[in-house]
Every structure is written in structure tokens, then in C-alpha cells.
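K.L.:
Structure incoming, see below.
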Amino acid sequence: MASPSLVWFRDDLRLADNPALHAAAERDEPLVAVFALDEESEGMRLLGGAARWWLHHSLHSLREGLRERGVALVLRRGPAGRVIEELAHEVGAGAVYWNRRYGAPARAVDAGLKSSLRAAGMEVSSFAASLLREPWTVTTGSGTHYSVFTPFWRACLSLPAPRSPLTEPRTLAGTTAVPASDALDDWALLPTAPDWAGGLRETWEPGEPAARRRLQEFLAEDLPSYDRARDEPAAGATSLLSPRLRWGELSPFTVWHEAVGVDGAGGFLSELGWREFAWHTLFHSPDLATKNLRPEFDAFPWPPLDPAHLDAWQHGETGVPLVDAGMRELWHTGYMHNRVRMVTASFLIKNLLIDWRLGEEWFWDTLVDADEANNPFNWQWVAGSGADAAPYFRVFNPELQAKKFDPQNLYVSRWAGDAPTEPIVDLAATRKAALAAYDEVKRAPRPPARG
Ligand SMILES: Cc1cc2nc3c(=O)[nH]c(=O)nc-3n(C[C@H](O)[C@H](O)[C@H](O)COP(=O)(O)OP(=O)(O)OC[C@H]3O[C@@H](n4cnc5c(N)ncnc54)[C@H](O)[C@@H]3O)c2cc1C
């Protein structure tokens, strides 16, 4: 009698270079594919609105890809530990496969499930698929996690090359009886009242086939000028792969091996390194979204929140053109260029003196690439509370940044041509106040390191 293989898709919505799927294909038993929408397991961070939009479309694409190969994608909702265990028993699975996740709540679910399924006699295997290096494999000489990027990345580069990507399984076979599935539309991942996703639809095509096309286009057209133009928001010189990597429509191994042979790819590859560094940091400091990595920042004297300032920042009404352009790009497309992310984040924290956690939450809700490592990691980096080689209090001057990186005003006029131009705060005075607040942090007694 057949003992199906159950493949549990998570942040790896792809068929190519998917080790869990590959293992199932090799096992040569009928396949059951499942995605569980888990909004209940303890500590699991609920997806933001833009991420839910992306997930809906990416699942739709994955389901089509599997269907063309004779496999149905089963959708179930609920705490993943229970959902997957029930399904495994329901189909009489002989083996259950998944690719690893690195946040603490997800790891707790996976560990619990692994032991209960194994206790029930099933084979369970998990695979490395979302990071080039497993977080426990890159350590300093004394066995600790790197807290600074440059030595971290040097250590990564000194290791043997990342493994080659696996090809998509040539044949897959589904089970004859397909388990019951939720309807994707019933999950209501798309906004309806109001439908604010028009700009997202104009901008993106989620799903593995489109992700592969974008990668090829980037390699041929943009990578050669990446180092020169990557900081200019109007240049369109970056890869736009972040949501594709976030949802695993592309594996970092594929991106790495496609780019590594191209002349001048080092700068681009080191950005993949930052992605790795953020995830490794989350693995070692699971409270990254809520706790300052540098505990001395707990003493930062945040003034009482001015909700009107937060609202003006969120909606691109600060009167600072580059900030407003970025926030409007984000609102419309679910994306913002990296240079502008740094400027808008710095403005919120250092000029409006609003706690970085509130900015992180807004980005979490509005970015299509929001993920639990890169978003808080980068917010902490800008705040100065995170992993930084020279942890000094960097205050980006949005006017100078605009002159330097958008000298012809192309980006600002595209996104904020009609925005107010009277800043809601005095940039020089607020910068001074922020530096004074930082001095208080420096004077406070130094607590022990965290993480
Ligand atoms: C405040 C703030 C919040 C951010 N939040 C996120 C987030 O939630 N998710 C996210 O993927 N990135 C985040 N970033 C990092 C970066 O802005 C985006 O990854 C990048 O803009 C995506 O565009 P791209 O794919 O064209 O990047 P490219 O320049 O083409 O880079 C290639 C890939 O490298 C990775 N990468 C690039 N820059 C960084 C970086 N600074 N840190 C980590 N990985 C990086 C991304 O996976 C990206 O797709 C944030 C940055 C800031 C300053």
C-alpha cells in the first residue's frame, strides 16, 4: 500500500531548488503538498496587509505549477503543528518533508511536530533552502555569532561555495484521493473594502515563473550598472528580488550561482550577505523586533508620542520631499528603494524622535518583502541600537541625501510632486535634540550585552 510523502510548503513557494520537494520526488511515492496558514501558534507574527496580498497570488501560482504536474496543493488553516499532524495521519504519510525556518516560534512548532511524527513512525526530514549558510555554521573563533557584518561576510566567503541549486523534479505524482482543502479565496488574504491593492497589482507579478524572469532580466540588464547606480532611487538599478526571496519563489542558491560568474557582481552578492546576516542575527536574538540589540539603548529618552507626526510620516505628509516620496512609493507599491528606506527610517527616529518599533510595524504592514529578520534588523541598524561596525548615531540629512542620490529630482517628482514642502519639524533643531538624547544613552550605566 502507498505511504505518501507529505511536503509542507512555507516560505519556499517554488518548485526549483526546493530540497523538500526534491526528497519527496526521489522517494517515489505519491505526493501530498500542503500550505498551512498559521495565525494561532504561540508567538507567530501575523502577516501584514501587503504580505497577505503577495501570499495569495504566490499560492495561486504555486497551486497552478503543482496542478500542471498532477499534484494538488492542499490549503489548511490553523496552528501548523496540529494541522500538519492531522493531515499526515489522514493521508497515512510515510514521510514528511519541509525546508527550515529560523524564527523562534516557527522553530518551536517544527521541533514539536518532528518529534510527534517520528514517534508515530513517520520519516521526517528538514532541509536548508532559504539561507546560503545555516545560522549555526558561521561563528567567530570563540564560537559566538558575529555582531559585525564585514568579518561575518568574510567568514562566509572563506567557506566552500554554496551548494549548487537542485533542478525541478522532472516527474511528480499526486495521490488518487485528494485531501480536502480550503478555498484560497476563503482565506480573505486580499483587501476588499477598500481594495487598496491597485498599485501592487500594477507593480508586481508574484509567483515563481515571474521571479525567474525578473532574475534573468536583472542579470542581463541591470547587474552591470548595479554598483554605480544602486543608491539612486530613480535609476531602477536594483534587482527587485526581495519579495521573491522573502516568499522563496527563488532560492538564494539559484540567485548566487546565476550571479557569481558575472563581472562586478561582488556588491550585489554582498547584499545577499546582508540578508544572511539579518537572519543569522534573528536566529541568535529572537526578540529582534521588540528588543534593542544593544541594551544600552533601553535608556533612550523617547518623548511622548505625537500621533499627528506619526500619521504624517506614514502618509507622506511631512513636508520633507524625499521622505514623502518614499512613504508614498511604499503606500502605492508595497516597496521602497533601500536608500530611501534608510532616509525615511532615520527621519522617523531621529527627527521625529519616534521609537523605531513603530516604524518597523508600519513597514511590516505595508512592505511586500516584509520579513521577520530583515525588517527589524534594518530598523535597528538605522536606529543605532543594532548590529553596526561603528555604532555612532548616524542622522541622515534628507535634503543632502536628495541632492546626492536624486540630483535631478526624478524620484521626488514622480512620487511626491504635489506633496507639501514645509517640513513639520525643523531638521537642524530636531537633529540636535536627537544627538542630545543619544548623549544620555552614552552616559547611562552600560547593561550586559543581549543575545
Ligand atoms: C528600515 C529598513 C527596512 C527594511 N526592511 C526589509 C524587509 O522587511 N525585507 C527585506 O527583504 N529587506 C528589507 N530592507 C533591506 C532592503 O531595503 C531591501 O532588501 C531592498 O531594498 C530590496 O530591494 P532589491 O531586491 O531591489 O535589492 P537589491 O539591492 O537588488 O539586493 C539584492 C537582495 O539583497 C537583499 N538585501 C539588499 N539590501 C539588504 C539589506 N540592507 N538588508 C538585508 N538584505 C538586503 C535583499 O534580499 C535583496 O533582494 C530594509 C531596509 C531598511 C533600511
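K.L.:
Looking at (1) under 20 Å from PRO307 (Cα atoms); (2) basic (Lys, Arg); (3) modelled with pLDDT under 95, which is the only condition ARG450 fails?
P.N.:
(1)
K.L.:
Name every residue in region 147-156 that is touching a residue at least 60 places away in the same chain (Cβ under 8 Å) and closer than 26 Å to ASP17 by Cβ, in order of residue number.
P.N.:
Those that are touching a residue at least 60 places away in the same chain (Cβ under 8 Å) and closer than 26 Å to ASP17 by Cβ: PHE149, PHE152, TRP153, CYS156.
K.L.:
All but one of (1) assigned by TED's automatic domain parsing to the domain that holds ASP369; (2) open to solvent by less than 40 Å² (accessible area, probe 1.4 Å); (3) over 30 Å from PRO420 (Cβ atoms) hold for PHE300; which doesn't?
P.N.:
(3)
K.L.:
Regarding region 123-131, can at least one residue be identified that is crowded, with 19+ Cβ neighbours inside 10 Å, at pLDDT 95 or above and of a type in the set (Phe, Trp, Tyr)?
P.N.:
Taking every residue of region 123-131 in turn, none turns out to be crowded, with 19+ Cβ neighbours inside 10 Å, at pLDDT 95 or above and of a type in the set (Phe, Trp, Tyr).
K.L.:
Please go through region 228-278 and give me each residue that is open to solvent by less than 10 Å² (accessible area, probe 1.4 Å), more than 20 Å from VAL138 (Cβ to Cβ), more than 10 Å from the ligand (Cβ to nearest atom) and not hydrophobic (A, V, I, L, M, F, W, C), ordered by number.
P.N.:
Passing the criteria: GLY248, GLU249.
K.L.:
So, one more: So, in region 351-375, of the ones that are part of a loop (DSSP other than H, G, I, E, B), more than 10 Å from the ligand (Cβ to nearest atom) and more than 15 Å from ASN292 (Cα to Cα), which residue ends up most open to solvent (accessible area, probe 1.4 Å)?
P.N.:
Residue satisfying both the conditions and the ranking: LEU353.
K.L.:
Going residue by residue through region 324-342, is there one that turns out to be near the ligand (Cβ under 9 Å from one of its atoms), of a type in the set (A, V, I, L, M, F, W, C), part of a helix (DSSP H, G or I) and without any contact (Cβ under 8 Å) to a residue 60 or more places away in the chain?
P.N.:
yes
K.L.:
Right, another one. What is the one condition in (1) surrounded by 12 or more Cβ atoms within 10 Å (Cβ to Cβ); (2) aliphatic (A, V, I, L, M); (3) away from the ligand (no atom under 15 Å from the Cβ) that ALA180 does not satisfy?
P.N.:
Unmet condition: (1).
K.L.:
Going by the structure shown, is ALA155 of a type in the set (A, V, I, L, M, F, W, C), in the same structural domain as TRP279 (by TED's automatic domain parsing) and more than 16 Å from the ligand (Cβ to nearest atom)?
P.N.:
The answer is yes for ALA155.
K.L.:
Please count how many residues of region 397-425 are modelled with pLDDT of 95 or more and assigned to a loop (DSSP other than H, G, I, E, B).
P.N.:
8
K.L.:
Identify the single condition in (1) within 9 Å of the ligand (Cβ to nearest atom); (2) surrounded by fewer than 20 Cβ atoms within 10 Å (Cβ to Cβ); (3) polar (S, T, N, Q); (4) closer than 25 Å to ALA325 by Cβ that SER225 does not satisfy, given that it satisfies every other one.
P.N.:
In the conditions (1) within 9 Å of the ligand (Cβ to nearest atom); (2) surrounded by fewer than 20 Cβ atoms within 10 Å (Cβ to Cβ); (3) polar (S, T, N, Q); (4) closer than 25 Å to ALA325 by Cβ, SER225 misses (1) alone.
K.L.:
What number goes with the only condition from (1) of a type outside the set (A, V, I, L, M); (2) closer than 30 Å to ARG52 by Cα; (3) touching a residue at least 60 places away in the same chain (Cβ under 8 Å); (4) crowded, with 23+ Cβ neighbours inside 10 Å that TRP379 does not pass?
P.N.:
Only one criterion is unmet by TRP379, namely (3).
K.L.:
Right, here's the next one. Closer than 30 Å to GLY103 by Cα, surrounded by 18 or more Cβ atoms within 10 Å (Cβ to Cβ), among the hydroxyl-bearing types (Ser, Thr, Tyr) and more than 10 Å from the ligand (Cβ to nearest atom): is that true of SER346 in this structure?
P.N.:
no
The values are calculated or read from the model by the stated rules, or taken from the named source; none is laboratory data. Nothing here was measured: the structure is a model prediction, and the numbers come from that model. Because the Cβ atoms are built from the backbone with ideal geometry, glycine has one as well, and the counts that use them run over all protein chains shown. Note: accessible area is taken over every heavy atom of the protein model, side chains too, but ligands, DNA and RNA are not part of it. Shrake-Rupley method; radii C 1.70, N 1.55, O 1.52, S 1.80 Å.
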